[in-house]
Amino acid sequence: MPETPAKPAAKKTATKKAPAAKKTAAKTTAAKKTTTKKTAAKATAPAKKAAPARRRESRAAMVRRAHEINRELGELYPYAHPELDFTDPFELLVATVLSAQTTDLRVNQTTPRLFAACPTPEDMAAIPPERLEELIRPTGFFRAKARSLIGLSTALRDRFDGEVPGRLEDLVTLPGVGRKTANVVLGNAFGVPGITVDTHFGRLARRFGWTIEQDAEKVEADVAAIFPESEWTMLSHRVVFHGRRVCHSRKPACGACPIAALCPSYGEGETDPEKAKKLLKYELGGQPGQRLKPPADYPGRPAPPLAAS
């Protein structure tokens, strides 16, 4: 019996494969067009602003530059001071605890009524929590802060004879008092040198290239190794002043910054001088400061009291 020829079957197979091959070719062409469109879109899209390159320098050069920055900030802010209103260590301690997660201005607007009602640790330890919460409500997180204030006032009354201790190791045992708060109190109420690492200080220390750390205690240690102890308290004030007025978190006013030539992060913010000038805050921007009762040498206007609700 004769064998069936293979050629017709091959033709059928070829005929069946032809449409599939056309579909594959069409898909390939479409993919190429899509890729071409994406490439063209990327080419025409505006380029993202690159972060300024950090200058390479030796540690000795960094330390020299850090000291020059401190000198320049000292000339720019000869009136730098703690921006919390206080008349004694207890008031400063309370105001610093209240300053968490709010502005010094809001604390200063709140504490006159508070200290009129609770002038001593004994008074604050005895006040009903609901009344204390009402007095400090404008500062936010008032329930947690009220617990801390009653706790630290009770500890001052029971363990320290109603007096704020002048040692860091004692201060940090008080409820709501960490190393930052303790350094504020020691430096400004007792004259004990300390570096206050708040959000402003930490941000600028990293921008200035003094540290790469995020942890506050590590930042404090790195900066303490650069400057003599005698400079720590005033350095803290100057850097915080600059962070609040010029070197802001989101929009630093690089074009209006007097220490721009010393800053390795120049260009992270607005570099146009006129636009940057509009970003300046407080006395540099012609606005009131944060204290209702600023020091006599403060060149700006006092802050207004809390508006009546």
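The values are calculated or read from the model by the stated rules, or taken from the named source; none is laboratory data. In this text the structure is predicted, and so the values were computed from the model without any measurement. Cβ: placed from backbone, ideal geometry, glycine included. Neighbour counts: every protein chain shown. To get the accessible areas, we keep the full protein, side chains included, count just its heavy atoms, and leave off ligands, DNA and RNA. Shrake-Rupley method; radii C 1.70, N 1.55, O 1.52, S 1.80 Å.
With viscosity set to 1.002 mPa s at 20 °C, what whole-number translational diffusion coefficient in µm²/s follows for segment 158-309 from Stokes-Einstein and a Kirkwood radius over Cα pairs?
124 µm²/s
So if we plug the beta-carbon distance of GLN101 and LYS275 into 1/(1 + (r/R0)^6) with R0 = 22 Å, what FRET efficiency do we get, rounded to 0.05?
My answer for the efficiency is 0.15.
Would you list which aspartates and glutamates come within 13 Å of LYS145, measuring only between C-alpha atoms, while excluding same-chain residues fewer than 8 positions from it?
GLU130, GLU133, GLU134
For segment 88-98, in order, what is each residue's ³J(HN,Hα) by Karplus, 6.51 cos²θ - 1.76 cosθ + 1.60 with θ = phi - 60°, in whole Hz (x at glycine and Pro)?
Here the 3J(HN,Hα) series is 7, x, 5, 5, 5, 4, 5, 4, 5, 4, 5 Hz.
Separation between the GLU68 and LYS293 pseudo-spin-labels, each 7 Å from Cα along Cα→Cβ, expressed in nm?
Label-label distance for GLU68 and LYS293, simple model: 4.2 nm.
Ranked from highest to lowest mean number of other Cβ atoms within 10 Å per residue, what is the order of the peptides 217-223, 200-206?
200-206, 217-223
Let's test the formula: R0 of 25 Å, r as the Cβ-Cβ distance of PHE190 and ALA225. What FRET efficiency results, to the nearest 0.05?
After rounding, the FRET efficiency stands at 0.60.
What is the magnitude of the charge dipole of segment 75-117 about its Cα centre, with +1 placed on the Cβ of each Lys and Arg, -1 on the Cβ of each Asp and Glu, and no other charges, expressed in debye to the nearest 20?
That gives a dipole near 240 debye.
Simple spin-label model, 7 Å along Cα-to-Cβ: ARG131 to PHE160 in nm?
Result for the modelled spin labels: 2.4 nm.
Per 5 Å bin from zero, what fraction in whole % of the C-alpha pairs of segment 170-255 is there, up to the bin with the longest pair?
Using 5 Å bins, I get a P(r) of 3, 15, 25, 25, 18, 10, 4, 1, 0 for segment 170-255.
Would you rank PHE115, PHE208 by solvent-accessible area, highest first, keeping every protein chain in place and using a 1.4 Å probe?
The residues order as PHE115, PHE208, largest area first.
Where the only charges are on Cβ atoms (+1 Lys, Arg; -1 Asp, Glu), what is the dipole of segment 214-309 about its Cα centre, to the nearest 20 debye?
Around 620 debye, computed over segment 214-309.
First select every other residue whose beta carbon is under 15 angstrom from the beta carbon of ALA303; then total the charges, Lys and Arg +1, Asp and Glu -1.
+3
Using each residue's phi in segment 139-154, evaluate 6.51 cos²θ - 1.76 cosθ + 1.60 at θ = phi - 60° and report the 3J(HN,Hα) Karplus result to the nearest Hz, with x for Gly and Pro.
7, x, 6, 5, 5, 5, 5, 5, 4, 5, 5, 5, x, 6, 5, 5
Just want to confirm a number: the relative contact order over segment 73-187, from Cα pairs under 8 angstrom separated by 6+ residues, in percent.
25 percent
Of HIS248, LEU279, PRO304, which is farthest towards the positive pole of segment 223-307's charge dipole, taken about the Cα centre with +1 and -1 on the beta-carbons of Lys, Arg and Asp, Glu respectively?
With unit charges placed on the Cβ atoms, the residue in question is PRO304.
Can you send over the carbon and sulfur percentage of the accessible area for segment 150-263, probe radius 1.4 Å, protein chains only?
50 percent
Under the 0.36 nm per residue contour assumption, what length would be gained going from the current alpha-carbon distance of ALA61 and ARG250 to full extension?
Contour length minus the Cα-Cα distance gives 65.2 nm.
Could you order peptides 296-306, 91-101 by the average number of other Cβ atoms within 10 Å of their residues, highest first?
Going by the mean number of other Cβ atoms within 10 Å, highest first, we get 91-101, 296-306.
Given a Förster distance of 22 Å, report the FRET efficiency between VAL172 and ARG147 from their Cβ-Cβ distance, rounded to the nearest 0.05.
Given R0 = 22 Å and the Cβ-Cβ separation, E is 0.80.
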